[in-house]
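S.K.: The structure's right below; bear with me while I get my questions together.
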Amino acid sequence: MKGELALKGLAFGFLLAATVGPMWVLCLRRTLASGALVGLASGLGIAVADGFYGAVAAFGLTAISGFLLAHAFWIGLAGAAFLLYLGVKTLTAKPDFDQKEERPLGLAAAFLSTLGLTLTNPPTILAFAAIFAGLGLASTSDYEAAALIVGGVFLGSAVWWVILALGANRLRRHLGPRLFRAINIVSGVSILGFAAWQLAALFR
């Protein structure tokens with residue numbers, strides 16, 4: 001039974017990470033621009049944030065969830081503003097493959113930026129709470145089961161980002177300046193679209 005809960009958590013974490021969104025686009029683009037390690041660091045930042053929100057929902061940390069949900073508008077607004085910044089930066093980037101003008105992103109910066117961006121979506125706690133209720137974990141009395149599910153969510157998310165980083169890194173070897181510029185345009189427009197969608201949801 002406990003093993004089944006862990007597998008369900010792993011599957012949920014994997015599917016959650018694999019769903020195309022702003023972080024998916026951002027990690028893909030970062031891997032193509034800076035390599036597998038930067039893409040993996042970015043993905044692990046998302047996995048840690050998913051694990052954090054999963055823990056808040058699973059263990060019933062009402063003080064934390066209450067604070068985050070009470071300030072969801074401003075936190076979400078900050079996240080949308082950062083997405084706008086990233087979208088514009090990506091859209092206007094013109095890397096020179098010979099001179100390497102584009103400044104490489106450090107691993108710590110890659111990790112912390114996606115961690116912060118993922119944490120700017122507090123309503124995610126409600127989604128986790130609903131999933132956990134569906135898994136039969138409506139109460140917090142069974143901490144071992146809660147820990148197994150949260151651990152599964154983190155591992156499932158991390159597995160997806162490893163797959164994405166390694167796959168995109170293989171593709172990176174075949175990129176030229178013109179194709180990479182096209183990827184920048186598509187990625188930038190996509191991230192700006194996600195930012196606009198988040199702003200629309202906030203002001204709805």
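S.K.: Just subtract the alpha-carbon distance of TYR143 and ARG172 from 0.36 nm times their residue separation and send over the number in nm, one decimal.
M.R.: 6.1 nm is the gain from fully extending TYR143 to ARG172.
S.K.: Got a number for the accessible area of ARG172? Probe 1.4 Å, square angstrom, nearest 10.
M.R.: 90 Å²
S.K.: Can you send over the carbon and sulfur percentage of the accessible area for region 143-204, probe radius 1.4 Å, protein chains only?
M.R.: 70 percent
The values are calculated or read from the model by the stated rules, or taken from the named source; none is laboratory data. Remember, predicted model here, so these are calculated numbers, not experimental data. Areas reflect the complete protein model, heavy atoms only, side chains present, ligands, DNA and RNA absent. Shrake-Rupley method; radii C 1.70, N 1.55, O 1.52, S 1.80 Å.
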